[in-house]
């Protein structure tokens with residue numbers, strides 16, 4: 001019976017739909033927390049601005065092209081987000097070390113505070129979910145999310161986040 005698949009590993013359509021539904025509901029809860037944090041900050045910025053700030057904290061020195069790749073925004077939209085953040089004093093652009101034309105971005109102290117205020121809300125939600133799932137659940141959830149993120153989990157230069 002080595003050629004017979006294990007019935008526990010067969011993912012039926014209704015099981016996949018239930019997983020998709022949970023992901024959509026989790027996403028709604030995540031963005032609700034982000035929206036509350038953005039409203040509390042009162043800067044008139046949106047979700048893409050926080051997402052860019054978060055990625056800049058996690059991957060210092062990324063530029064427009066990598067931000068566009070990570071977020072599936074166009075290069076023009078990613079550039080506009082960075083310009084907005086710079087205009088609020090949250091980001092500063094720097095010339096690249098190897099190529100002066102490539103301008104990387106970094107959070108200012110004010111940008112770090114902006115990102116941290118919103119991310120702290122999300123970390124508490126995630127910590128609660130991780131405690132609910134247990135140690136094995138955390139590893140499984142991270143493996144599933146990493147597989148779904150695909151090539152976005154690594155920077156184009158080959159480094160890890």
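So here's what we get for this one:
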| item | result |
| --- | --- |
| Selection status of residue 111, in contact (Cβ under 8 Å) with a residue 40 or more places away in the chain and more than 24 Å from residue 31 (Cα to Cα) | no |
| Tally of residues being part of a helix (DSSP H, G or I) and touching a strand residue (DSSP E or B) at 6+ places or on another chain (Cβ under 9 Å) across the stretch 43-65 | 5 |
| Yes/no for residue 44 being exposed (fewer than 15 other Cβ atoms within 10 Å of the Cβ) and at pLDDT 95 or above | yes |
| From 55, 85, 24, residue being under 20 Å from the mean Cα position of the chain (by Cα), surrounded by 14 or more Cβ atoms within 10 Å (Cβ to Cβ) and under 27 Å from residue 150 (Cα atoms) | 55 |
| The listed residue being in contact with a helix residue (DSSP H, G or I) (Cβ under 6 Å, 6 or more places away or on another chain), over 17 Å from residue 108 (Cβ atoms) and assigned to a helix (DSSP H, G or I), out of 68, 28, 77 | 68 |
| Residue that is modelled with the lowest pLDDT [pool: residues in the stretch 80-96 that are part of a loop (DSSP other than H, G, I, E, B) and in contact with a strand residue (DSSP E or B) (Cβ under 9 Å, 6 or more places away or on another chain)] | 96 |
| Selection status of residue 99, over 16 Å from the mean Cα position of the chain (by Cα), in a loop (DSSP other than H, G, I, E, B) and either surrounded by 12 or more Cβ atoms within 10 Å (Cβ to Cβ) or at pLDDT below 90 (or both) | yes |
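The values are calculated or read from the model by the stated rules, or taken from the named source; none is laboratory data. Note that the coordinates shown come from a computational prediction; the quantities given were computed from them, not determined experimentally. Positions of Cβ are backbone-derived with ideal geometry, glycine not excepted, and every protein chain shown enters the neighbour counts.
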